[in-house]
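Student: Questions regarding the structure given below will be posed in turn.
What follows is calculated from the coordinates using simple rules that are stated; it is not laboratory data. The model shown is predicted, which means the values in this text are computed figures rather than measured ones. Cβ atoms come from the backbone with ideal geometry, glycine included; neighbour counts cover every protein chain shown.
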Amino acid sequence: MDGNSTAAISEAATKDSSFEPARLLAELVSATEVEQQCVRPAELALDEITLMPELFQPREISEKHIADLARTIQNFGKVEPVTVLPVGPRAVLVDGHHRIEAYRRVGTVAGIPVQYFQGTPQEAVLEAGRANSQVKLPMASRERQDYAWRLVQLDQHSKAEIAKAAGVSVAQVGNMRAVGKRLGQDAFNYPSWWRAREAAEGPAEEMSEGDRQQWKEELAQRFADRLAKEFSTSMAKHPEVAAMALATYFGRKLPEVVAELRDFLPEDDEQSEF
């Protein structure tokens, strides 16, 4: 990496000391400039993997996904390798935050399979977004928008690179850059793209149908994650008890919930009695 690139990252890191992703990226770039010959084993201990979720985790943690991965680890010992960025003697996690948390919860402290990312820290940031767009648990629309906004704030990548990594349009990235310029230094106070947009343009008068559906899906996912964290798989194992609990919880609203649930039944069950 040339001196200009390093200077640009350092400048981004000092624009606002509260913008942690820029500080972390500058730290990694500085460390990779010092060439070191280090052994790169195919497996690492849990405490040998450095986590920087502020820089490399583009989506929220899903409790259900962690629970599914934990069961797989308990049954088979391992899941697919996590991706790490070698930075001197350190291995910084680029992709695999859910897998690492699953290993932690089942008590696996060593023998975690890894694959090494061959590229710069800036390229690793883009890879984190691409990888999360391709896995079985894809990023929700809001997460893609927020990750693109984070990359815009870093100011290290082209519009096309950001669009590809986050799974948004080039036009959307252009809009984010315009909002960033409008907000100036205040942009770093808004990790959420929606809040940044509202701060720059004011709240929308009415939510569109697409935005409303997205809001409902994301709220439902958060509720599901909270249930999974609280009850793990116990509710699914005891559907009759779960139904009794829901009936008590919803009370007079239960018929409305039952009517809504019909839309989520498998096609083969649509004609059966609920």
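Student: For the stretch 138-203, what value does the Rg/Rh ratio take when both radii are computed over Cα atoms and Rh is the Kirkwood radius, given to two decimals? Don't jump to the answer; show the numbers that get you there.
Tutor: Details: Rg = 10.7 Å, Rh = 11.5 Å.
Using Cα coordinates only, the ratio equals 0.93.
Student: Let me ask another. Note down the relative contact order for the stretch 56-118 as a percent, whole number, built from C-alpha pairs under 8 angstrom at least six residues apart.
Tutor: Numbers: 77 pairs, mean separation 25.2, N = 63.
That works out to 40 percent.
Student: Distance in nm between label sites at SER234 and GLU20, each 7 Å beyond Cα in the beta-carbon direction?
Tutor: Modelled inter-label distance: 3.1 nm.
Student: Students often check this: by mean Cβ neighbours within 10 Å, which of 75-81, 65-71 ranks highest, and how do the rest follow? Show your work: numbers first, answer last.
Tutor: Values: 75-81: 12.3, 65-71: 19.3.
Order by mean packing, descending: 65-71, 75-81.
Student: To continue, here is another question. For the stretch 138-203, what is the relative contact order in percent, using Cα pairs closer than 8 Å and at least 6 residues apart in sequence? Mind dumping the intermediate values first?
Tutor: Details: 55 pairs, mean separation 21.7, N = 66.
Computed over the stretch 138-203, the figure is 33 percent.
Student: Ok, one more. With label points built 7 Å along Cα→Cβ from the Cα atoms of THR248 and ALA45, find their separation and express it in nm.
Tutor: Between THR248 and ALA45, the label points sit 4.6 nm apart.
Student: With θ taken as phi - 60° and the coefficients 6.51, -1.76 and 1.60, list the Karplus ³J(HN,Hα) couplings across the stretch 43-54 in order, rounded to whole Hz; mark glycine and proline as x.
Tutor: 9, 10, 7, 4, 7, 8, 9, 8, 9, 10, x, 4
Student: Using amide H atoms built in the peptide plane, which far-off residues or other-chain residues are under 5 Å from VAL92 H to H?
Tutor: THR50, LEU85, VAL87
Student: Take each of the peptides 118-129, 219-230, average the number of other beta-carbon atoms within 10 Å over its residues, and list them starting from the highest. Can you show the working numbers first?
Tutor: Values: 118-129: 20.5, 219-230: 13.2.
For the peptides 118-129, 219-230, the packing ranking is 118-129, 219-230.
Student: Separate question: If neighbour count is taken as other Cβ atoms inside 10 Å, put MET244, MET235, MET176 in order from fewest to most. Mind dumping the intermediate values first?
Tutor: On the way: MET244 11, MET235 16, MET176 26.
Final ranking by Cβ density, sparse to dense: MET244, MET235, MET176.
Student: While we're on this one: Counting other beta carbons within 10 Å of each Cβ, put SER141, SER169 in order, fewest first. Can you show the working numbers first?
Tutor: Values: SER141 17, SER169 12.
Sorted ascending by nearby Cβ count, the order is SER169, SER141.
Student: Same structure, new question: In whole angstrom, how far apart do the alpha carbon centroids of the stretch 66-124 and the stretch 135-196 sit?
Tutor: When both Cα centres are located, 26 Å separates them.
Student: Arrange the following residues from fewest to most other Cβ atoms within 10 Å of their Cβ: LEU183, LEU154. Don't jump to the answer; show the numbers that get you there.
Tutor: Numbers: LEU183 16, LEU154 19.
Least crowded to most crowded, the residues run LEU183, LEU154.
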